[in-house]
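What follows is a set of notes on a single structure, which appears directly below.
Please treat every number below as a calculation from the coordinates, not as lab data. These numbers come from a predicted model, not from an experiment. Here the Cβ positions follow ideal geometry from the backbone for every residue, glycine too, while neighbour counts run over all protein chains shown.
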Amino acid sequence: GPGPSFFVSDHPHGDSGQPYPALAPVAFFCLKQTTRPRNWCLRMHVSMLVILLNCVTLGMFQPCEDVTCLSEWCRILQVLDDCIFAFFAVEMVIKMVALGIFGPNCYLGDKWNQLDFVIVMAGVLEYSLDGHNASLSAIRTVRVLRPLRAINRVPSMRILVTLLLDTLPMLGNVLLLCFFVFFIFGIVGVQLWAGLLRNRCFLEKNITDIINFILPLNRTFLEGEDSPFICSAPRENGMLRCHDVPPFTQGGEDCSLPPPHQMGGSSNSSCVNWNQYYNVCRPGDLNPHKGAVNFDNIGYAWIAIFQVITLEGWVDIMYYVMDAHSFYNFIYFILLIIVSSTFIFYFLFFSIFDQHPNVFIEMEQ
């Protein structure tokens, strides 16, 4: 928690004759605030250096490359981790001696100290079960909570985190607004583009009979599901039609010759543009990116909307929809980004500020 000076009044011994009036006067039923062991513990200032070192060591562990921890580097990290755990355990004991254990102003009376206590006890359990053929993976995951101890050491950070936790119930209206906004955009997407991202260019059914030749092609024109050629049906006003299919390539060159009308020896070696026969646009079997990007139902629409508001790959989704439906669909995506990335963020910010208008003053203090 914050240093002892955080609790000291202007008078050297406070208003009640105690050096730290906000703390319990007696710990462990016998240690007063002026008793030497407890006085030392109260005057100790825990450094952030150990917490930062723990963050570095946790990031350097490579359990997949060295499962049994036989390398010298892994052993060094393990020794450091043991020392850090010992430091945290001793620190907990010192705090218990300084503050007492139970009570409103004692060690376990603070929720952040309770988090520290759980982390240390998980480490004790891990060391006690080590060598007993017990699965420790679930217990070791508690190590990732160690960097959270920094929140308890920085008063301004603690104020911010406490503020966010206190305002979570109040943010229900903002989350409800987000839900309705995404629900409306999802319904619009399903109504306009359900099934359209499956559109592909297919060969005509009787194409081999028409040209009297076996085409060296698949029945569907695909450039790969990561960059598919999504065509626009005749009833739609999309930007890509089947006549826009790129020409057939052979030897790295685009083919432009017309197809042969009869079997011939030279037809196999000619650079014929076979792709011109992909002229039937109809729904296929797969959506882009292995079926992950589509607006076939409200669930998949929300997934696509979430990807759009993260601003990661949203341009590709917009181009897919524009190719299959209409050029003016960009308006939908621009509005979605503006509403989600700006308005809702400002609603969230002003809600927090309205609930706690003095938060910045508290941080400065």
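Mind ranking 290-299, 243-252 by how tightly packed they are, going by the mean number of other C-beta atoms within 10 angstrom, highest first?
On the way: 290-299: 16.0, 243-252: 12.8.
Sorting 290-299, 243-252 by mean packing, highest first, produces 290-299, 243-252.
Full extension of the chain segment joining A194 with N297 gains 36.4 nm, where the gain is 0.36 nm per residue of separation less the Cα-Cα distance. Can you list the residues of region 67-90 with backbone N under 16 Å from a point 7 Å past the Cα of V56, pointing along Cα to Cβ? Only 73-74, 76-85 pass the distance filter.
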